[in-house]
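Notes to accompany the following structure.
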Amino acid sequence: MNDLEARLRAAFDAQAQTFEASPHAWARIRDRRPHRAPGRRLLAALPVALLAVFVPVLLNGGLGRNSAADPDTIYQRLMTERTAAGESVTIDNPSEGRPLRLWFARAKLGNPELCYVMERAEADPYGGCAPIDLNEDTAVWVTGGSRREDVPTALTWGLSGLDVGAVTGVTKAGRKVPGTLMTPDGAPYKVWTVTYPAQDELSSVEYADPKGRSFGRFSHDVFVPPQPAGAPVDLPEGVSARPYAEKDGTALYWTRAGVSLGGARPKTETDPVTALVGDEVITGFTRKDVARIELSIHGGGTANAETRPDPWNMSIGLFSALAPAGDWRGGYQIVAYDAAGKEVWRQNEPSRVPTDDTPEKAAGEVMTIPGTEEFAGGPIRAWFSPVSPADNGMTMLCRSGDATPGRPRCVAAQQGFIPQQATSYLPEPGAQVYLGMAWEDYESIEAVLADGRRVRAEFLRGKDTPVRIWYVKLPFDADLLAFSRKVKGESQEKIERFDKGCDRRATISEAPRLSLPANVSALLTDRGCVAFWEGGEIVHSLPGPLPGVKLSQLFGPERKLWYGNGNNAWYGYAPAGTVKVTATMENGVTVTAETTPDPWGQGVAFFAGPKTEGADFSAGMTITGYDADGKELWRD
């Protein structure tokens, strides 16, 4: 992926999050999109000449030396510039017949990680540390595994929130395998493991509360490859390489501890060396005459890796080694040698990633967010940057400086409310900063907290920037529910939900649910959202009231109702007095829903009804509400 492709992808992702064109677009989008849990981010393969531009991590510690076979030495290396966050746990790993050590740590900038050291029966041990990305929408996270094709039993591990009471693995054949949960002393999260038959791979991990009530599932597709085109090859430092058949040819994929490091097409005509960096290692392939590579980071360490011929007749060499210490963004040098020790290729790359102070191609002033000067990752800076010099003025809002340093995060500067979040763990107690584009019709923005407090955002405009930005700084433990906006010419405030844990909390709630037609039920949660179930299975929730606000106040000239689209039913809430709701699709199909009185005093009527054949909620439609006499009350 080149720079233009990367920025265009960010632009498209940002646009996909913007659904102001229609107040009901989110329900329609959900009807079309595939449902998939988030997965651990993969690092794509890049020609080595571009490596420094894209590697989005800082590698800490005394890396670059040959791996010591002693697990304690690996632990000490990983803990260089890290601090332990609780005790470690040791697990029997059936894939290797050797121990697996897991523990939580705080990285140099204070951000939490889950680390491991895996001992092996017939090879040297290895280890690594994975960033933690739990949120209100994801209660468990898959971080590793030790499945091997030549042993009958496999192990997968990960972490969960402290409120998770049980995990269960679900295999591709549908078999359910109970997992094991552990809470290390002093740890911020729980650790879980699932042991399962290696020939019946896991497809997902289900999780439940301490009372055994299931409230979610996490996809286990840590690495979902295409069709294998050869046997896997084990490389140093726990890396495994394997070819796969794809539509346009054969591609190589690398994994470590069951997690993908990325993939690339084996071509060496232009670049004799192609490398990937991730999970503490550097791996890749070379031209067939290369016997050894030496990679040095400017101002950092050096890694040496010997190559081995591929067994798949691709005429390439394979390598892997511990990544050298240092910051890739400062530039690097890579040298290739043949079997006689003669240098056959050299590439020296200066820094290509802009620093936080002087971003490349900034459209106007680089703005420093006030109150972030002491953040461990540096002050948070924001700037507008064109997608490409050839583009027709399309810009990106970029920011840098939080606890996950690397390539700046950018979103398309298009109409819509798209908050960016930056987190700082140090100095303690830490802080959260949210920011985004502030269009000219924005009069004010407030962060709405769960306790009812509202924190007003500030506006900031740099010299020669295309638009203003807004920002708000909150304590690290602030419980953010939503953002409220006031827009010129509109009397009703716009509410942008941020809290994403509605389904999870509603599932474990013991409060009685409201029964609705079409086998649907509903529950108004204590954190301002309305959860719905269809046939006992939770479906897409709808916004609820903010502190001090009723559901009836969420209606206005532009929105007459809120609705959701389930598997066989549609549902929602409408203004009080509504007895029947109809939706007529563009194709002429009409569906009808009956209402049920509101038991929570929110001034609304809840409704649900069956979907008939041909009903297409992803297209345009007209929704109408009627009273008990059949008189039209409203139309949307």
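Residues in the stretch 302-354 that are part of a loop (DSSP other than H, G, I, E, B) and of a type in the set (V, I, T): T307, V353. Entry remark, the stretch 419-456: residues being among the aliphatic types (A, V, I, L, M), in contact with a strand residue (DSSP E or B) (Cβ under 6 Å, 6 or more places away or on another chain) and open to solvent by 10 Å² or more (accessible area, probe 1.4 Å) number 2 in total. In the stretch 170-190, the residue that is nearest to F104 (Cα to Cα) out of those that are among the basic types (K, R) and part of a strand (DSSP E or B) is K190.
Among residues that are open to solvent by 10 Å² or more (accessible area, probe 1.4 Å), in contact (Cβ under 8 Å) with a residue 24 or more places away in the chain and small (G, A, S), A257 is not included.
Checking the conditions here, which among V467, V530 is touching a strand residue (DSSP E or B) at 6+ places or on another chain (Cβ under 7 Å), within 30 Å of V411 (Cα to Cα), touching a residue at least 24 places away in the same chain (Cβ under 8 Å) and surrounded by fewer than 18 Cβ atoms within 10 Å (Cβ to Cβ)? None of the others qualify; the one that does is V467.
Within the stretch 87-114, track down each residue that is assigned to a strand (DSSP E or B) and over 13 Å from P184 (Cα atoms). Working first, answer last.
First pass over the stretch 87-114, keeping only residues assigned to a strand (DSSP E or B): 89-93, 98-106, 112-114.
The answer is D92, N93, R98, P99, L100, R106, P112, E113.
Filtering S541, S515, S521, S509 for residues that are on the phi < 0 side of the Ramachandran plot and either of a type in the set (K, R) or not in a strand (DSSP E or B) (or both) leaves a single hit, S509. Within the stretch 509-527, being touching a residue at least 40 places away in the same chain (Cβ under 8 Å) and either among the basic types (K, R) or open to solvent by less than 50 Å² (accessible area, probe 1.4 Å) (or both) holds for L514, L516, P517, A518, V520, A522, L524, R527. Checking each residue in the stretch 604-627 for being assigned to a loop (DSSP other than H, G, I, E, B) and either acidic (D, E) or modelled with pLDDT of 95 or more (or both) picks out E613, D616, D627. Contact annotation: residue pairs with Cβ atoms under 8 Å, 6 or more positions apart or on different chains, pairing a residue in the stretch 593-615 that is farther than 16 Å from A574 by Cβ with a partner that is of a type in the set (S, T, N, Q) and part of a strand (DSSP E or B), are K611/N565; T612/T590. Just one of the numbered conditions (1) part of a strand (DSSP E or B); (2) free of Cβ contacts under 8 Å to residues at least 40 places away in the same chain is not true of G299: (1). Can you tell me which condition D338 does not meet? The list is (1) more than 31 Å from the chain's Cα centre (by Cα); (2) at pLDDT below 95, and all the others hold. All conditions are met except number (2). Against the numbered list (1) open to solvent by 10 Å² or more (accessible area, probe 1.4 Å); (2) modelled with pLDDT under 95, C398 comes up short only at (1).
Is it the case that G577 is over 31 Å from the mean Cα position of the chain (by Cα) and at positive phi? Break it down stepwise before answering.
Working: over 31 Å from the mean Cα position of the chain (by Cα): yes; at positive phi: yes.
Yes, satisfied.
Each residue in the stretch 564-583 was checked for being surrounded by fewer than 22 Cβ atoms within 10 Å (Cβ to Cβ) and either in contact with a Gly (Cβ under 6 Å, 6 or more places away or on another chain) or among the basic types (K, R) (or both), and 2 of them qualify. Of all residues in the stretch 147-173, how many are at pLDDT 90 or above, open to solvent by 10 Å² or more (accessible area, probe 1.4 Å) and not hydrophobic (A, V, I, L, M, F, W, C)? Selection size over the stretch 147-173: 5. For the stretch 595-636, taking the residues that are aromatic (F, W, Y) and open to solvent by less than 40 Å² (accessible area, probe 1.4 Å), the one that is farthest from the chain's Cα centre (by Cα) is identified as W634.
Under the condition of being modelled with pLDDT under 80 and of a type in the set (A, V, I, L, M, F, W, C), the residues counted in the stretch 372-395 number 3.
The values are calculated or read from the model by the stated rules, or taken from the named source; none is laboratory data. On a predicted model such as this, the values are computed, not experimentally measured, just so you know. Heads up, the Cβs are rebuilt from the backbone with ideal geometry, glycines too, and the neighbour counts pull from every protein chain shown. Just so you know, the surface numbers come from the protein's heavy atoms only, side chains and all, with ligands and any DNA or RNA stripped out. Shrake-Rupley method; radii C 1.70, N 1.55, O 1.52, S 1.80 Å.
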